[in-house]
Structure formats: structure tokens, C-alpha cells
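Each value in this text was obtained by applying a stated rule to the coordinates, not by laboratory testing. The shown structure was predicted, so the numbers you read here are calculated from the model rather than taken from an experiment. So basically every Cβ, Gly included, is an ideal-geometry build from the backbone, and we count neighbours across all protein chains shown.
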Amino acid sequence: MNRISRFYRISAPAPAREMDEAARDKYYRRLRMQAFIAATLGYSLYYVCRTSLNVMKKPILDSGSLDASQLGVIGSALLFAYAIGKFVNGFLSDHSNIKRFMAAGLCVSAVANVLVGVLGFANGIGVVGNMTLFVAFAVMWGVNGWSQSMGAPPAIIALSRWYPLSKRGTYYGFFSASHNLGEFLSFLFVGAVVGIFGWQWGFVGSSVAGVLGVLVIVFLLHDTPESKGLPPIEVLTGEEAPEQNHDHGSTAQLQRSVIRNPFVWILALSSAFMYVSRYAINGWGVLFLQEAKGYSLATATQVISVNALLGIVGTVFSGWLSDTLFHGRRNVLAFGFGVLNTIALCLFLYSGDSMFVNLLSMVLFGMAIGVLICFLGGLMAIDIVPREATGAALGIVGMASYVGAGLQDIVSGWLINSGKTIADGVTTYDFDTAIIFWIAASALSFILALFVSKKSHA
């Protein structure tokens, strides 16, 4: 155990590098850009391993291996494990070597995906029964959920360790595009693999993406500036005097203050309701288009992928917009984009089968969710807590977010399955009750967001 804890412990400072100020600045900028690329691209490939199931639900249902309720339970196994893991690993990440921590999580996630694919192959040839597949799938997807929780905290901590406060919103906005990039790659890449080779190969494909992500993290992510012989970020950028760094108390004390901060919990609740709507579309949107609007798998995945692609636009500009035009008042923007998210949901769920209208709704939904992930899912938490306790705040918000997402999967799966009808051997699924649930959660999210601001921690 001691050997493991030493392996994952935050890196000790390296001897200071002898170089002039210009050379040091160039070296620092190169390392921080590598860290940014590794965090962003690495986490996007995390997402491929997390969202792979979302594009396979219809083929799995059609195969008769699992029903909608079982898929809801499997999806929730990942999300609940992720919620608990996000809390635990968020706190651990504040003390960890972020490169090793992040790489280990994605490695386990890739293994879990390939094992689920193997289970699917075994079920297809009759070696593994449907109930065994369900139980084993749920267990492996829970393991996947826990390992997925080792991705976001170290990636975001990398930004806080390598970027000054004045640039953190802008770069966090760029980083947040990793969610959308990962979802986009999952819908298109995994969707294409499933369409050509079958749903079992989809999990193999997502596993390959995970392995590539591990390599990116190992070769490009750096733990701290101090571990590379550089001074702390505050000294490098001149934004804070070095003696100010440790005035607030130990990391453990700061983490306890985060737990006692009521505004962190209000933000967490707001994010949880937003994640209900987010995972409703990402988790059930493809099936909804197939069942309610008669779209093919290929067309449905393409439509849903638009929200992930446009989410990149929302996240990229959200941090910059709030830093420059709104002077950090991110709660105002969160409220506005929360309203837009609700409108987009209504348009998508009630508009009929028009391709143009459905694409437009996904454009609006993607942009809104992109901004909200950036703000509610992380940046507003960073704003209201000390830098040394960033992981703790992210852990609380992440836990709440994915508890909400997990409950959504169970409730939605039950509502959709309970409303199904069978006529002439054809099963039809009803989404009416689930839709009300999704829209109500979205509305509650933007109302709560208004109560959180930078001044909350003063």
C-alpha cells in the first residue's frame, strides 16, 4: 500500500533550472501547452470509453439480449460509481501525481470496455445467458464508472497548476470542449463501428480509443511546474506573491471548508439537474429518434452528434466570454443558457420528425449544454474555493451531477419500459412521461444557478 501511495503521490520539486528569464518563459509555455493538450485530448478519449453504450442501445434491444429497464440499470451503475468516485478521487487528486492518476483511470476504463465486448460475443454464441450478461455488464460498467472518475479532477487540476487565474476561465472553456469532442467521436466513430460490425465490436473500438488516450497522457501531461524545476505558477506569472500561497491553511483544512460552503452544494444541485437533461438526450436521444420519429440508427446518431459538435463552440467561448464581457459573472450566463437549454429540449422532444428542426434543436442544445458543463460542472466551483482545494469542490459537484445522471437513467428506463406496447410482435416505446421529467429538471437547474456567484465565498 505504501508503495502504491508513493507512486501516486504528488511529485517532489526538482532542482531549479539554470536559465535566463526568456528561456524559462519559453520552457514554461511549452510545458503548459503540452499539459493542456494532454488534459483536453486525453479526457475526450475518456469520454469515448464512457459514452460508448449510448449508441448501442437499439442494436442491443433488437438482439433481445437486454431490455430498456436493464439498460437503464447498467447505465446507472456507471453513473453512480462515477458519482462516488468523483467525490473520492476529487479529494485524492489534490494530493496526487496527476499524470499517473489520470493515465491509470483510462487504462482500467479501456479494459472494462473490451471485456464488455467479449461478454457480448459470448452471449451471441450462447455461452453466456442474458441474465449473466446483464449482471456482468452492470458490474463491469460500474468498474468503468469508477475509473472514469479519475479523469476530470486531475485534468482540471492540471489547468490550475499550470495556468494563472486570469487565463483559467479561457483555457477551462477550451478544455471543456473535451466533453463534446469525446461525445462527437463516440457517436460517429463507435456508431460507425457498430453499424458495420455489430454492437460487440463497438466496445472494442472504444477500448482502442482509450489506449490512445493513455499514450497521450503519459507522454504529454506534466505534474507541476515545480516538478520540472520551475517556480510555482504564481511566481512564474507574477499574479500572486509567493508568501501568499500558504496563508489559507493546509490542503486538508481547505477541503473541510469546501464541504461546509453552502454555495458549493447549491451549485452541485444545479449541476445535477442539468446533468439529468444532458444524459437524457445523450443516453436516450438516439433511441428516441428511432422510436418516436422513425429515424435509422445512422441518421439518429448523426443528429445527436450535432449537439456534441456544437457544444465545442459553447465551451470554447464560454470561459472567454465570462472573463472579458461579463467580468466573471458566470451565474448570469449560466441562467441564460439554462433557459436556452430548456427551450431546445422542448423543440427537440415536441417538434415532429422534420430533419431541419431536429438539427436546429441539437445545435441550440449542444451550445447551451457546452456552456453549462463549463460553468456548472467546474468553473463556477473553481471560482468560489481556494486553488489548493479545487479537487474537493469538483468532487462534490461531480458527485451530485452523476447521482442526478444515474437517477435519470433508472427513472427514464423505467418510464420508457413501463409505457411500451407490443402489437403484432413489434415493441413500441412511449417517451411522454420521461419527457416531462427531463424538461422539469432542466428548468430547476437554471433557477438554482442564479444563487451562485464569485462573491459567495467571501
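Which of rounded, prolate or oblate describes the stretch 76-132 when judged by the alpha-carbon gyration tensor and an a/c cut-off of 1.5?
Judged from the Cα gyration tensor, the stretch 76-132 comes out oblate (a/c at least 1.5, b/c at or above a/b).
Per DSSP helix of 4 or more residues, -39500 (n - 2.57); summed, then divided by the residues of the chain. What does that give at 222 nm, rounded to the nearest 500? Intermediate values should be presented prior to the final figure.
On the way: 19 runs with 343 residues, N = 458.
Mean residue ellipticity, 222 nm, calculated: -25500 deg cm²/dmol.
How much of the pair distance distribution for the stretch 104-229 lies past 25 Å, counting alpha-carbon pairs only, in percent?
So the portion of pairs separated by more than 25 Å is 36 percent.
Need one word for the stretch 328-443: rounded, prolate or oblate. Basis is the Cα gyration tensor (sqrt eigenvalues a ≥ b ≥ c); a/c below 1.5 gives rounded, then a/b vs b/c decides. Judged from the Cα gyration tensor, the stretch 328-443 comes out oblate (a/c at least 1.5, b/c at or above a/b). Sequentially through the stretch 206-220, phi angles give Karplus couplings (6.51, -1.76, 1.60; θ = phi - 60°) of 5, 5, 4, 4, x, 4, 4, x, 4, 5, 4, 5, 4, 8, 10 Hz, Gly and Pro residues having no value and appearing as x.
Measuring from centroid to centroid over Cα atoms, what is the spacing of the stretch 276-296 and the stretch 1-77 in Å? Cα centroid to Cα centroid, the span is 26 Å.
Please label the shape of the chain as rounded, prolate or oblate, based on the square roots a ≥ b ≥ c of the eigenvalues of the alpha-carbon gyration tensor (a/c under 1.5 means rounded; beyond that, a/b larger than b/c means prolate, else oblate). It comes out prolate by the Cα gyration axes. Once phi is turned into θ = phi - 60°, what whole-Hz ³J(HN,Hα) does the Karplus curve with 6.51, -1.76 and 1.60 give for every residue of the stretch 33-40, x standing for Gly and Pro? Taking θ as phi minus 60°, the curve returns 5, 4, 5, 5, 4, 5, 5, 6 Hz for the stretch 33-40.
For the peptides 432-439, 420-427, residues were scored by their other Cβ atoms within 10 Å and the scores averaged per peptide; the highest-first order is 432-439, 420-427. Would you count, across the chain, every pair of lysines whose alpha carbons are under 24 angstrom apart, provided the pair is eight or more residues apart or spans two chains? So the count works out to 15.
Going from the residue with the fewest nearby Cβ atoms within 10 Å to the one with the most, Cys374, Cys346 rank Cys346, Cys374. Taking amide H positions as modeled 1.01 Å from N, with prolines and chain starts lacking one, the residues under 5 Å from Arg9 and 5 or more places away or on another chain are Asn97.
Annotation: amide H-H contacts under 5 Å for Tyr295 (H modelled 1.01 Å from N, sequence separation of 5 or more, or interchain): Gln290.
Judged by the mean number of other Cβ atoms found within 10 Å, the most tightly packed of the peptides 365-371, 266-272 leads the ranking 365-371, 266-272. Peptides 290-302, 52-64 ordered by packing proxy, namely the average of other Cβ atoms within 10 Å per residue, highest first: 52-64, 290-302. The label-point distance for Met131 and Ile343, in a model that sets each label 7 Å from Cα toward Cβ, rounds to 5.1 nm.
Modelled spin-label separation between Arg17 and Ala298, with each label point placed 7 Å from Cα along the Cα-to-Cβ direction: 5.0 nm.
As a length-normalised measure over Cα pairs under 8 Å and 6 or more apart, the relative contact order of the chain settles at 26 percent. For Tyr163, the amide hydrogen comes within under 5 Å of no other amide hydrogen, counting only partners 5 or more places away or on other chains and with H modelled in the peptide plane. Karplus-derived 3J(HN,Hα) values for the stretch 86-98, using 6.51 cos²θ - 1.76 cosθ + 1.60 with θ = phi - 60°, are 4, 5, 5, 6, x, 5, 5, 4, 4, 10, 9, 6, 5 Hz; glycine and proline are entered as x.
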